[in-house]
Ligand SMILES: [Mg+2]
């Protein structure tokens, strides 16, 4: 089960979300209640550090034995998790058996799915091999990129006009500018922008956050048009609370915006009921599959925000969700892949299966 309730957060819960990526975060609860008190905030930061000790190498035999035991425990956890969320590569034959005769539609997150997570989000490039595979996938199946990023930004990484692009967590959807079928002409229409009235507010908050987060080294604010990202992947853990406080103070003035958390990123978006799951439903409807029993959507993503899409597929009882992760996570996805390299391998096998089976 996923914990979607904590996805939309108030100021105090935001720190819980930050702390959630820290081992033993539960022990921090007492400190979080007194978040507004400076001394308790300091205690919180100390506690966060204490629960995330720096890894050190040790040559002592007892340390090595402990490390081996920990590695063995971790592997056991991964193995038992994968019983419920097996590798989509290992289960490929089973997957293609289930989708035989159905119309496949592929939905792909970008960061951490098609490209590795890198320190500088402006350099999250995907490989030539991945681009070639995506091009082949789009030749056979309607394909959409569904991302928290600005639509134009992700297009500058992917550079394939034949895909659908759902940027800003699906709040900015555009169809292919190059038709998969050349005889059908081009569709350059913007399909959906449900949060357009929030644009001036988002722009205003972007400028304020740029200014306010200057004091936090490594913090990077990205304007995704219909939402904002505050990346903390390069922020020293010591400054996480300061950054959270800055963002919280700004958002206090904008109750129509909400805060969610992704992988090493705080995300600010309008309080409308729209997410990657809604974007998936909208795209299926646009493709004429709203009430179809013959459609088989495949959604691949690595982020908490992708869980909304996994959940939609689970509720529809159609297609499959694939989580990209090396470590056990709560997820609504049915299958897993370890990293973008495995995502490319899975997509390549899908292309080869399509070509050989002439489905
Ligand atoms: Mg991602």
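Only the coordinates and a few stated rules stand behind these numbers; no lab work does. Note that the structure is predicted; figures quoted are calculated from it, not measured. Because the Cβ atoms are built from the backbone with ideal geometry, glycine has one as well, and the counts that use them run over all protein chains shown.
Descriptive notes on the structure:
- Residues of region 309-351 falling in the label zone of residue 285, defined by backbone nitrogen less than 18 Å from a point 7 Å along Cα to beta-carbon, are 309-318.
- Put in order of Cβ neighbour count within 10 Å, fewest first, the listed residues 330, 111 become 330, 111.
- Full extension of the segment from residue 159 to residue 348, taken as 0.36 nm per residue of separation minus the current Cα-Cα distance, would add 66.2 nm.
- Inter-site label distance for residue 197 and residue 77 at 7 Å from Cα along Cβ, in nm: 4.5
- With both residues required to sit in region 100-177, DSSP beta bridges show an antiparallel share near 30%.
- Diffusion of region 234-280 by Stokes-Einstein, at 25 °C in a medium of 0.890 mPa s and with Rh set to the Kirkwood radius over alpha-carbon pairs, works out to 201 µm²/s.
- In this rough spin-label picture, where each label sits 7 Å from Cα along the Cβ direction, the residue 123-residue 94 distance is 4.0 nm.
- When only alpha carbons of region 85-143 are considered, Rg and Dmax amount to 14.0, 42 Å.
- Values of log10 I(q)/I(0) for region 66-184 across q = 0.12, 0.15, 0.17 Å⁻¹ run -0.60, -0.84, -0.98, by the Debye formula with one identical scatterer at each alpha carbon and no solvent.
- Restricting the calculation to Cα atoms, region 197-330 yields a radius of gyration followed by a Dmax of 17.4, 53 Å.
- For region 261-336, radius of gyration divided by Kirkwood radius, i.e. Rg to Rh on alpha-carbons: 0.99
- Rounded to 5, percent antiparallel among DSSP beta bridges of region 230-352: 55
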